[in-house]
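The values are calculated or read from the model by the stated rules, or taken from the named source; none is laboratory data. Worth saying up front: this structure is predicted, and the values here are computed from it rather than measured. No Cβ is skipped: glycine too gets one built from the backbone with ideal geometry, and neighbour counts run over all protein chains shown.
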Amino acid sequence: MSQAMPQSYETLLVERRERIAIVTINRPEKRNALNIKTREEGAAVLEQLQDDDDVRVVVITGAGDKAFIAGADIAEFAGRTALMQRAVMLGRSLFTAIDVFPKPVIAMINGYCLGGGCELALACDLRIASEAASFGQPEINLGIIPGGGGTQRLTRLIGEGKAMEMILTGEIIDAQTAFNLGLVNHVIPADQLAAKTMEIANRIAEKSPIALRLAKEAVKVASRSNLDEGLRREVDLFALCFSSDDKNEGVRAFLEKRRPNFTGK
Ligand code: COA
């Protein structure tokens, strides 16, 4: 069952399929380039979805069959001063909103995934790519560098040598190469991308939302702290699970040899 969300956005489509919300960047004529409006609407929609207990997982994708997101809207760069650009970037960040979003976010990458598009995918928790997708950080070709977390998140995900090469050459790589680098979790034939993504999203959506939230937080600590701090945070977050009904339900269901019914309490 699919239903449109009540609120409408200029640059986004938002629909619900049971416990999954699908956010589609809807500027196909501009290859879904991220302009200021898209970033603002993206952050606003996440705020709305965060408070909706019926939404367990968010999928982000691009409209049309060409692009996931072809990067920041380059037209907006023209004539912008350093201070203007800084103010834009210090404003509410869509990348940070995804990073700290308390539910899993999956990037369903259906085409060009470049620059800020690749950075947005990197801020997501899982990246599922079509065989037709391509990836790159081509900012260097414009005389600039990645500014949406690319130098940091790409490096943490695939390692300094590979990230350095992508960022210094601006080279575009295909989906299989991205998979080999560990940049994406799965590469799927284009006509099966949506079905496979929904299958994974639904599998995650069955879990306890509390455990999902704490698991996301714990995993993210790994690349932001040393091992001792990370292990300590993990213990705290693990122990926090014991305050939930879902933990009691999960353990009881196992012992009673039945499927758990997690309520998010
Ligand atoms: N910002 C603004 N507009 C963009 C854009 C971007 N990042 N990417 C594409 N577009 C626009 C094009 O300017 C064009 O607009 P127009 O029809 O008004 O001329 C339209 O989207 C279609 O792009 P086009 O280049 O004709 O499509 P394509 O399918 O042949 O090529 C790309 C697609 C993505 C390879 C190519 O558009 C591209 O290289 N884009 C820029 C990628 C980039 O450098 N991103 C990092 C930005 S920091």
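Kindly list, by first and then second residue, each pair from a residue in region 234-252 that is under 13 Å from Leu212 (Cβ atoms) to a residue that is among the acidic types (Asp, Glu), limited to pairs with Cβ atoms under 7 Å and residues at least 6 apart or on different chains.
Pairs that qualify, where the first residue is under 13 Å from Leu212 (Cβ atoms) and the partner is among the acidic types (Asp, Glu), are Leu237/Glu217.
In this structure, does Pro189 turn out to be at pLDDT 95 or above and touching a Gly at 6+ places or on another chain (Cβ under 7 Å)?
No; evaluated as a whole, the condition is false for this residue.
For Gly148, only one of the following conditions fails: (1) touching an Asp or Glu at 6+ places or on another chain (Cβ under 7 Å); (2) touching a residue at least 40 places away in the same chain (Cβ under 8 Å); (3) surrounded by fewer than 21 Cβ atoms within 10 Å (Cβ to Cβ). What is its number?
Single failed check for Gly148: (3).
Run down Asn202, Asn180 and say which single residue is in a helix (DSSP H, G or I) and more than 18 Å from Val58 (Cα to Cα).
When all the criteria are applied, what remains is Asn180.
Identify all residues within region 8-37 that are of a type in the set (D, E, K, R), surrounded by fewer than 20 Cβ atoms within 10 Å (Cβ to Cβ) and under 12 Å from Thr61 (Cα atoms); write none if there are none.
Scanning region 8-37 gives a single hit, Glu15.
Return yes when Lys207 is part of a loop (DSSP other than H, G, I, E, B) and free of Cβ contacts under 8 Å to residues at least 24 places away in the same chain and no when it is not.
No; evaluated as a whole, the condition is false for this residue.
Could you grab me the full set of residues in region 148-176 that are over 20 Å from Gly62 (Cβ atoms) and not in a helix (DSSP H, G or I)?
Gly159, Gly170, Glu171
Hey, among the residues in region 26-40 that are part of a helix (DSSP H, G or I) and touching a strand residue (DSSP E or B) at 6+ places or on another chain (Cβ under 8 Å), which one's farthest from the ligand (Cβ to nearest atom)?
For region 26-40, the residue satisfying everything is Thr38.
Could you list, in sequence order, the residues of region 175-219 that are within 30 Å of Met164 (Cα to Cα), of a type in the set (Val, Ile, Thr) and in contact with a strand residue (DSSP E or B) (Cβ under 9 Å, 6 or more places away or on another chain)?
Thr177, Val184, Val187, Ile188, Thr197
I'm told Ile106 meets every condition in (1) crowded, with 24+ Cβ neighbours inside 10 Å; (2) touching a Lys or Arg at 6+ places or on another chain (Cβ under 7 Å) except one. Can you identify the failing condition by its number?
(2)
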